[in-house]
1. Which of the aspartates and glutamates could be linked to K392 by a straight reach, that is with a Cα gap under 19 Å, when you skip same-chain ones fewer than 8 residues away?
2. Using a 10 Å Cβ count of at most 15 others and DSSP loop calls, identify the longest part of the chain lacking such GluC sites (Glu not before Pro).
3. Alpha carbon centre of segment 117-155 versus segment 22-82: separation in Å?
4. Counting residues in segment 241-378 as N, plug N into 2.2 N^0.38 Å and put the Cα Rg over that result.
5. Out of the chymotrypsin sites (Phe, Trp or Tyr not before Pro) in segment 344-402, which ones are loop residues according to DSSP with at most 16 other C-beta atoms within 10 Å?
6. Compute the FRET efficiency between K227 and E137 as 1/(1 + (r/R0)^6), taking r as their Cβ-Cβ distance and R0 = 45 Å, and round to the nearest 0.05.
7. Subtracting the Cα-Cα distance from 0.36 nm times the residue separation, let me have the gained length for D341 to K356 in nm, one decimal.
8. Bins of 20 Å, beginning at zero and ending with the bin holding the largest distance: percent of Cα pairs per bin for the chain, please.
Amino acid sequence: MPNVFDTLKERGFIAQCTNEDELRKLFDEKQVTFYIGFDPTADSLHAGHFIALMAMAHMQKAGHRPICLVGGGTGTIGDPSGRTDMRKMMTDEIIEHNCECFKRQIARFIDFSDGKAIMVNNGNWLRKLNYIEFLREVGAEFTVNRMLAAEAYKQRWEKGLTFLEFNYMVMQGYDFLELYRRYGCQLEMGGDDQWSNIIAGVELCRRKLQAPVYGLTNKLLTKSDGKKMGKTAGGALWLDAEKTSPYEFYQYWRNVDDADVEKCLALLTFLPMDEVRRLGAMKDQQANEAKAVLAYEVTKIVHGEEEAKKAKQSAEALFGGSGNASDMPTVKAAPGQKLLDALVSGGVFASKGEGKRLIQQNGLALNDVKVSDIDYMLQEADFQDGAAIVKKGKKKYYKLVR
């Protein structure tokens with residue numbers, strides 16, 4: 001079996017690593033226990049988490065042991081990384097609910113049977129800490145000037161960084177120390193925006209315990225133009241079928257830019273790299289075949305084979321093939337309601353202004369008829385067999401239901 005470091009590198013996961021040669025050697029010598037943390041900022045994981053879950057899955061397939069750490073403790077503060085403002089404070093009940101949702105979702109990607117993986121909540125130790133003891137044991141190992149050099153804090157310095165958030169790095173570093181003590185965890189993984197926090201944990205473990213530990217970050221899920229991938233008209237691309245339907249999820253990947261297809265196939269599917277490169281080399285009309293494979297494979301991993309097949313059939317029905325269009329994302333609407341109002345409230349458009357612009361550009365159709373009136377009022381006749389079909393742009397479809 002190839003070294004998992006080489007697998008991750010070939011597929012494009014690795015962004016930064018504390019000591020590549022030592023870590024590769026460690027992977028060859030033993031089963032490595034590693035962890036990735038997930039703060040419960042919502043009741044579902046999203047596309048940005050998916051790349052971390054795939055990295056974790058590759059690690060487990062290579063024989064290493066994952067620790068999935070849900071942030072019942074760190075979630076009470078909120079990571080300032082990548083934020084221009086302070087995160088909204090959540091109640092303990094919301095944090096606990098979100099943690100439980102995360103646990104159920106992660107179990108679809110990682111095998112927890114027979115101790116092959118561990119699910120842990122850092123609230124089990126962070127919430128029990130004595131503040132003064134924690135400052136003396138852990139706080140003394142962190143220098144303020146070093147912390148302020150971290151990118152996450154520099155971005156917030158001018159707008160204001162609360163003392164609450166300033167503690168986040170210390171708490172994440174302490175997680176690594178605790179996981180090493182409890183489970184022999186030697187590696188922390190995460191997105192590249194977590195590099196400063198991961199380094200803090202590595203250095204803390206080495207100072208306090210002289211522990212041989214490492215940090216590794218994966219590349220963030222971005223488009224070829226550098227913008228984050230995974231945003232839809234209704235917000236984030238969620239892994240929960242109740243928040244983003246399997247059809248809408250499928251369509252997102254079916255419509256990615258040609259330049260992003262090979263990267264997404266490598267990062268977000270288990271297809272062999274020879275097949276990834278073959279599909280990635282397809283151009284023009286042939287690229288649609290590669291996108292269909294990408295959409296099907298990613299949807300199969302997240303929602304299961306049956307839902308992936310249904311989403312594919314629905315897409316084919318809409319693009320001239322045969323199948324059932326019942327799995328399109330639905331929007332509540334009614335005769336007598338303005339079409340634009342229904343589409344805004346249903347998340348199809350982020351604002352009325354966006355909808356008006358698309359209508360003026362002839363980019364919106366209702367039951368295959370172009371909508372030209374921005375004040376169009378839905379009619380009884382629009383709801384054929386109880387539903388109406390809206391086409392937004394060239395490729396996105398929605399079903400209006402009463």
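1. Reachable aspartates and glutamates: E248, D257, E316, D327, D341, E354, D368, D373, D375, D382.
2. On the way: sites that count: E158, E242.
The reported range is 243-402.
3. That distance is 18 Å.
4. Values: Rg = 17.2 Å, N = 138, 2.2 N^0.38 = 14.3 Å.
Its radius of gyration relative to the 2.2 N^0.38 Å reference: 1.20.
5. Working: sites: F349, Y376, F383, Y397, Y398; in loops: F349, Y376, F383.
When the chymotrypsin sites (Phe, Trp or Tyr not before Pro) of segment 344-402 are filtered for loop state and at most 16 Cβ neighbours within 10 Å, Y376 remain.
6. Numbers: r = 42 Å, r/R0 = 0.92.
With a Förster radius of 45 Å, E is 0.60.
7. Values: separation 15, 0.36 × 15 = 5.40 nm, distance 1.07 nm.
Going from the current span to full extension adds 4.3 nm.
8. That works out to 25, 51, 22, 2, in percent per bin.
Each reported figure results from applying straightforward, stated rules to the coordinates on display, with no laboratory input. Not measured: the values here are computed from a predicted model. All Cβ positions, glycine included, derive from the backbone under ideal geometry; neighbour counts span all protein chains shown.
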